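Below: the structure, in structure tokens.
Derivation of every value follows stated rules applied to the coordinates shown; laboratory data play no part. This structure is a prediction, so every number in the text was calculated from the model and none was measured. All Cβ positions, even for glycine, are placed from backbone atoms using ideal geometry, and neighbour counts span all protein chains on display.
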Amino acid sequence: MGHGHDHHHIHHKNKKSLLLAFLLTLSFMVAEIIGGIITNSLALISDSGHMLSDAISLGLSLLAFKLGEKRSTEHKTYGYKRFEILAALFNGIALIVVSLYIFWEAIGRFQHPPVVASNGMLTIALIGFVINVLAAWILMKGDTSENLNLRSAFLHVVGDLLGSVGAIIAALLIMFFGWEIADPIASSIVGILVFASAIRVTKDALHVLMEGKPSHIRLEEIERYLLTIPKVENVHDLHVWSLSSDFPMLTCHLKIEVDSDEQIILRQAAGLIEKEFHIAHSTIQIEKEPTDCHCVERCEWH
């Protein structure tokens, strides 16, 4: 009961953090786009483009949380929880596209550095920096370490924060030294960092969609714990995967001694898995091999 209450509290906090970050990003995005065009700064334009993708991604992440609250149906027995991973995958792909656009624009500006209005660029970049710091701080109050959807949204905002830092440095270099080339250099550095984050998020999302094992769980450790249960002789067909970032699942077969109590072992195994590995949804199949018959009993624990 306490576990369910904690999960609901974390879910509500994640959704609230996303909503606040979404409103902040959306409110500043228009000003940065206009400012980038007026000052002719690629650093600002690329950052505003990134913030546009952020606004879309944060909105999609909010939708994923909302859909995840819907109850399961006859046709969708797990509800819409996996939409969170699809949102994270979309965010990762969007980040890759944005970074590639930044690289493309930067190449042209390396060849023909334009005149940049450094004063206006610096002012807008400073405002963007404050907005992004605030948005990142809000998202950090959520579960960015475990929830892939929230982590992908957080990385979007961090990418914006880096973009603002790059724009500030570029504006100062242009203002004091006349280095117009600092604008595409700053953009390229940000593009590299954004691309690296995008690859990581996309890879993690694909890993979940491919039914991959959660990285923090070790199968041999689960097997070792299960073999400590009295009367358990063997553990096999052990599988662990995730429906979403906070919904790990497990199935396994336990071969037990013929004279043992199946129900007692099932309760012990399910309780151990939930306590030690925080997997509340497990399906455990008990196997016995008496001399005169083959008996198999199945039981699912939630």
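Averaging 1/r across all pairs of distinct Cα atoms in the stretch 221-262 and inverting the result yields a Kirkwood radius of 11.5 Å. Over the Cα atoms of the stretch 81-175, each weighted equally, I'd like the Debye log10 I(q)/I(0) at q = 0.12 Å⁻¹, rounded to two decimals. The Cα Debye sum returns log10 ratios of -0.50. Per-peptide packing, taken as the mean over residues of other Cβ atoms within 10 Å, places 156-166, 272-282 in the sequence 156-166, 272-282 from highest down.
How big is the dipole moment of the stretch 176-260 about its Cα centre under a simple scheme where the beta carbon of each Lys and Arg is +1, that of each Asp and Glu is -1, and everything else is neutral? Debye, nearest 20, please. My answer is approximately 60 debye. Residues of the stretch 169-185 falling in the label zone of Gln111, defined by backbone nitrogen less than 14 Å from a point 7 Å along Cα to beta-carbon, are absent. The amide H of Leu238, built 1.01 Å from its N in the peptide plane, has His253 as neighbours under 5 Å, considering only residues 5 or more places off or on other chains. Across the stretch 71-126, Cα-Cα pairs more than 13 Å apart make up 76 percent of the total. In this model, which of Lys141/Lys203; Lys16/Lys203; Lys141/Lys275; Lys66/Lys141; Lys203/Lys255 are farther than 28 Å apart at the alpha-carbon? The pairs that break the limit, which is 28 Å between Cα atoms, are Lys203/Lys255. In this label model, His239 and Trp104 are separated by 4.1 nm, measuring between points 7 Å along each Cα→Cβ vector. Using 0.36 nm per residue and subtracting the Cα-Cα separation, the extra length available between Asn40 and Val97 on full extension is 18.4 nm. 3J(HN,Hα) couplings calculated from phi for the stretch 126-138 with the Karplus curve 6.51 cos²θ - 1.76 cosθ + 1.60 (θ = phi - 60°) are, in sequence order, 5, 5, x, 4, 4, 4, 5, 4, 5, 5, 5, 5, 5 Hz; Gly and Pro show x.
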